[in-house]
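> The structure follows.
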Amino acid sequence: MKKLENKNIIVTAAGQGIGRATAIAYSKEGANVIATDINEKTLKSLSNEFPNIKVNILDSTKNNDIKDFFSKIDKVDVLFNAVGYVHHGTIIECDENDWDFSFDVNVKSMYFMIKETLPKMIKQNKGNIINMSSIASSLRGLPNRFVYGTTKAAIVGLTKSIAADFIKNNIRCNVIAPGTVHTPSWEERVAAAPDPAKAKKDFIARQPMGRLGRADEIAALAVYLASNESDFVTGVVHSIDGGMSI
Ligand code: NAD
């Protein structure tokens, strides 16, 4: 028996990285997956490789598009909000646009997606929401992650609040907080550093296990949280970080 047989699951930011790996893992466990992203090209490559995964271009910051998307969807068992953007810098490098953009992509997107999902879950008297945060949040302060960490801490508050408000509706809401994971955007962050070789070494050095995480390792936790095996788990921040938060 597969772990997610017949569950209808929506994944945001599924074009690459952790979102993609999770959409694939969910599909392999028998779920009916709708993978969303703003990137048409990466979504197309996902559906070419995994024809069982439905794909839908969706900007998680556009409320009207999200409303339209959900108006065509009947039942949602699991919503996995993977969308996120990393701004590099301290408060000094973070201007108002950086602040607004980071909050729009990282937090408001989840507010929009959850607001449209919840009425369906309440009607079903069952539902499950998983939100992507980071170790760089209320769990641990990291240098040059001012607005990123602030948004990721907000996701913890958002999650706990939803978990508390809808527990009687049989709706669970949890957070995944990874350490550094090898994904396309991590590669871009390394390449954009003044000294990429040093940046790579520094990223790895801050992981006590001495290596980066893999997207499929995060996906395995996302499978557990989406499955009935975690039915007694809600409102919790699940660190998966190679020891970074010890
Ligand atoms: P990534 O950054 O490589 O890819 C992000 C994806 O999001 C892309 O496919 C992009 O097209 C999509 N996207 C961007 N803006 C969007 C929008 N407005 N609407 C819809 N899609 C949009 O992916 P990643 O590194 O796997 O990160 C995924 C999540 O995990 C993020 O929330 C990130 O903050 C979090 N996270 C990542 C790491 C890491 O080290 N990679 C660590 C901790 C947390």
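> Rounded to the nearest 500, what is the chain's calculated 222 nm mean residue ellipticity when only DSSP H runs of at least 4 contribute -39500 (n - 2.57) each, over all residues?
Details: 9 runs with 106 residues, N = 246.
The per-residue figure over the chain is -13500 deg cm²/dmol.
> Right, another one. For LYS72 and LYS126 in one chain, what is 0.36 nm times their gap in residues minus the Cα-Cα distance, to one decimal in nm? Present the calculation step by step, with values, prior to reporting the outcome.
Details: separation 54, 0.36 × 54 = 19.44 nm, distance 1.93 nm.
Between LYS72 and LYS126, full extension yields 17.5 nm more.
> Using Cα atoms only, what is the angle between the long axis of helix 196-205 and the major principal axis of the chain, expressed in degrees (0 to 90) to the nearest 10?
Once rounded, the angle reads 70 degrees.
> Also, I was wondering about something else. What number, in percent, do you get for the relative contact order of the stretch 8-240 if the mean sequence gap of Cα pairs under 8 Å and at least 6 apart is divided by its residue count?
Worked out over the stretch 8-240, it gives 20 percent.
> Peptides 130-137, 52-59: what's the order by average Cβ count within 10 Å, highest mean first?
Final packing ranking: 130-137, 52-59.
> Find which of VAL233, TRP186, ILE218 sits farthest along the positive direction of the dipole of the stretch 166-246, computed with +1 on the beta-carbon of Lys and Arg, -1 on that of Asp and Glu, about the Cα centre.
Comparing the listed Cα positions along the dipole, TRP186 ranks first.
> Could you state the per residue volume, in Å³, of the convex hull enclosing the Cα atoms of the chain?
Dividing the Cα hull volume of the chain by its residues yields 126 Å³.
> Can you pull out the trypsin sites (Lys or Arg not before Pro) in the stretch 65-96 that DSSP calls coil and that have at most 11 other Cβ atoms within 10 Å?
Details: sites: LYS67, LYS72, LYS75; in loops: LYS72, LYS75.
Filter output for the stretch 65-96: LYS72.
> Tell me which aspartates and glutamates have Cα within less than 16 Å of LYS7's Cα, excluding those fewer than 8 residues away on the same chain?
Within reach: GLU29, ASP74, ASP77, GLU229, ASP231.
> If you don't mind, there's one more thing I want to ask. Of ILE91, ILE34, ILE122, which has the largest mean-square fluctuation in a 10 Å C-alpha GNM of the chain?
ILE91
> Calculated FRET efficiency, MET1 and ILE92, Cβ-Cβ r, R0 45 Å, to nearest 0.05?
Values: r = 54 Å, r/R0 = 1.19.
FRET efficiency, MET1 to ILE92: 0.25.
> If you don't mind, another one. What is the Cα convex hull volume of the stretch 70-173 when expressed per residue in Å³?
Hull volume normalised by residue count: 87 Å³.
> Give the lysines whose C-alpha is closer than 18 Å to that of LYS2, dropping any in the same chain fewer than 8 places away, or say none.
LYS2 reaches LYS28.
> Oh, and also: Pulled fully out, how much extra length does the chain show between ASP231 and LYS44, if you take 0.36 nm times their separation in residues and subtract their Cα-Cα distance? Could the numbers behind the result be given before it?
Values: separation 187, 0.36 × 187 = 67.32 nm, distance 3.32 nm.
Working it through step by step, the gained length comes to 64.0 nm.
> Next question, about the same structure. Using θ = phi - 60° and the Karplus form 6.51 cos²θ - 1.76 cosθ + 1.60, what ³J(HN,Hα) does each residue of the stretch 4-17 get, whole Hz, x for Gly and Pro?
10, 3, 6, 7, 8, 10, 10, 10, 8, 6, 8, x, 7, x
> Taking the Cα centre of the chain as origin, sum charge times position over the Cβ atoms of Lys and Arg (+1) and Asp and Glu (-1), and report the length of that vector in debye to the nearest 20.
Numbers: 30 positive and 27 negative charges, 131 e Å.
It comes to approximately 620 debye.
Quick note: the coordinates plus some simple rules give every number you see, no bench work behind them. Note that the structure is a prediction, hence the values are computed from the model and not measured. Quick reminder, even Gly has a Cβ in these numbers, built from the backbone with ideal geometry, and neighbours come from all protein chains shown.
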